Amino acid sequence: MSSGRILLVGASGFLGSHVAARLAHRDDVLAVVRPTSDRRHLPPGLAVHEGDLEAPQSLPLDGVDALVYCASMALPGLPSLVACLERAGVRRAVFVSTTALFTSLPAPSRARRQAAERSVTDSRLDWTILRPTMIYGTARDRNISRLLRALHRWPIFPLCGDALWQPIYVEDLARAVIATLDTPGTIHQTYNLAGAAPLRFSELVRTAAQAVGRSVALVPVPLALAVVAARLTRIVTPEQIRRLAEDKAFAYAEAARDFNFAPRSFADGVRLEAAALGLAPGARPVSRL
Ligand SMILES: NC(=O)c1ccc[n+]([C@@H]2O[C@H](COP(=O)([O-])OP(=O)(O)OC[C@H]3O[C@@H](n4cnc5c(N)ncnc54)[C@H](OP(=O)(O)O)[C@@H]3O)[C@@H](O)[C@H]2O)c1
């Protein structure tokens with residue numbers, strides 16, 4: 001584990017709050033939050049500094065030994081943050097990126113994320129980049145929690161293609177962030193991180209339905225029709241629909257070898273999430289926070 005102060009960026013976020021909880025026992029962790037950040041998910045007693053990545057020169061980098069970055073790599077301030085870290089003599093930095101970089105679709109943020117990764121890998125920092133797949137696990141995710149609520153309520157679900165998915169449970173990713181920080185062998189390495197094994201979307205939906213004690217009928221919907229519906233309803237974008245139909249399976253052998261990354265199965269993770277949401281069979285409803 002790094003011996004000096006750790007600066008945590010993105011601590012108020014979904015992943016960042018789980019990383020913060022794992023660092024909270026230390027007295028040398030400082031979390032950067034914006035004045036507008038929702039602090040309800042920060043662990044009690046965590047020291048915070050109000051700052052903004054849009055003005056990285058205002059971050060308290062003096063005496064910082066390691067940066068843990070859980071905000072988006074697509075933020076325009078990322079390359080200037082890297083330059084500020086170099087100038088301040090911060091050596092160690094762990095960045096959370098995304099496997100969405102591998103999409104074959106013309107995602108607008110992809111070029112920005114690629115440039116951001118390059119600014120990290122070209123730097124003098126002792127960097128590590130972690131690229132998770134879709135992250136799930138609590139009411140704060142913006143994906144499986146919605147699916148679980150829909151499946152709890154409705155007995156049918158549309159199936160648009162049947163691509164491979166491999167979502168990662170948030171606690172497994174938070175543990176990986178800390179393990180990386182602790183493992184010098186991960187310096188100058190980039191790791192794809194995913195759940196235990198890929199599964200077809202149909203299997204994912206059925207597994208999620210089981211977790212909320214329901215059975216579900218899957219109704220195939222042609223991709224072209226779903227794209228038109230997305231255009232008309234604007235509930236999701238056509239790109240999001242096309243991304244649904246794209247395979248998103250990723251091997252993680254290097255992470256298993258280098259820092260014992262051993263993620264749980266989707267069946268195990270989604271059962272925990274259903275219980276946390278109060279949607280598991282026999283559970284009492286809990287708050288949506
Ligand atoms: N969620 C997923 O399914 C998923 C999948 C793959 C990769 N990832 C990557 O994983 C990382 C974490 O994702 P997440 O879902 O935890 O994100 P999130 O919940 O949206 O959290 C983002 C965090 O970044 C902070 N932030 C944003 N702009 C900032 C700024 N200008 N200055 C300082 N802090 C700022 C936010 O602060 P506020 O609270 O003030 O907004 C928040 O704490 C990101 O790199 C994301 O791209 C996420």
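The values are calculated or read from the model by the stated rules, or taken from the named source; none is laboratory data. In this text the structure is predicted, and so the values were computed from the model without any measurement. No Cβ is skipped: glycine too gets one built from the backbone with ideal geometry, and neighbour counts run over all protein chains shown. Heads up: the accessible areas ignore ligands, DNA and RNA and are worked out on the full protein's heavy atoms, side chains in. Shrake-Rupley method; radii C 1.70, N 1.55, O 1.52, S 1.80 Å.
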Only unsatisfied item for residue 82, checking (1) open to solvent by less than 20 Å² (accessible area, probe 1.4 Å); (2) over 19 Å from residue 176 (Cβ atoms); (3) in a loop (DSSP other than H, G, I, E, B); (4) not charged (D, E, K, R), is (3)
Return the residue satisfying two criteria in turn: it lies in region 107-132 and is more than 13 Å from the ligand (Cβ to nearest atom) and assigned to a loop (DSSP other than H, G, I, E, B), and of such residues it is most open to solvent (accessible area, probe 1.4 Å). 124
Note on region 19-34: residues more than 8 Å from the ligand (Cβ to nearest atom) and either among the basic types (Lys, Arg) or in contact (Cβ under 8 Å) with a residue 60 or more places away in the chain (or both) are 19, 21, 22, 23, 26
Of residues in region 1-13 being closer than 15 Å to residue 95 by Cα and not in a loop (DSSP other than H, G, I, E, B), the one farthest from the ligand (Cβ to nearest atom): 6
Which of the residues belonging to region 19-59 are in a helix (DSSP H, G or I) and open to solvent by 40 Å² or more (accessible area, probe 1.4 Å)? 21, 22, 39, 40, 41, 57, 58
Test residue 213 against the stated conditions and say whether it is more than 30 Å from residue 92 (Cα to Cα), more than 16 Å from the ligand (Cβ to nearest atom) and in contact (Cβ under 8 Å) with a residue 60 or more places away in the chain. yes
Where a residue in region 35-51 is over 19 Å from residue 64 (Cβ atoms) and its partner, wherever it lies, is within 13 Å of the ligand (Cβ to nearest atom) and basic (Lys, Arg), with Cβ under 8 Å and at least six apart: 41/140
Those residues that are surrounded by 17 or more Cβ atoms within 10 Å (Cβ to Cβ) and either away from the ligand (no atom under 15 Å from the Cβ) or assigned to a helix (DSSP H, G or I) (or both), I need them from region 89-100; list them, please. 90, 91, 92, 99, 100
Go through region 152-166 and report how many residues are closer than 22 Å to residue 274 by Cα and part of a loop (DSSP other than H, G, I, E, B). 3
Where residue 16 falls short, out of the listed (1) near the ligand (Cβ under 10 Å from one of its atoms); (2) open to solvent by 20 Å² or more (accessible area, probe 1.4 Å); (3) touching a residue at least 40 places away in the same chain (Cβ under 8 Å): (2)
Among (1) within 15 Å of the ligand (Cβ to nearest atom); (2) over 20 Å from residue 135 (Cβ atoms); (3) within 23 Å of the chain's Cα centre (by Cα); (4) not hydroxyl-bearing (Ser, Thr, Tyr) - the single one residue 74 does not satisfy: (2)
Only residues in region 133-159 that are loosely packed, with under 15 Cβ neighbours inside 10 Å count as the first member; pair them with residues that are part of a strand (DSSP E or B) and small (Gly, Ala, Ser), Cβ under 9 angstrom, at least 6 apart or cross-chain, and list the lot. 155/217; 156/217
Note on region 70-79: residues open to solvent by less than 30 Å² (accessible area, probe 1.4 Å) and not in a helix (DSSP H, G or I) are 70, 71, 73, 74, 77
Expected output for region 172-198 (first residue at pLDDT below 95, partner part of a helix (DSSP H, G or I), Cβ below 8 Å, 6+ apart or cross-chain) is 182/259
Hey, can you tell me all the residues within region 179-204 that are part of a helix (DSSP H, G or I) and open to solvent by less than 40 Å² (accessible area, probe 1.4 Å)? 179, 180, 181, 186, 201, 202, 204
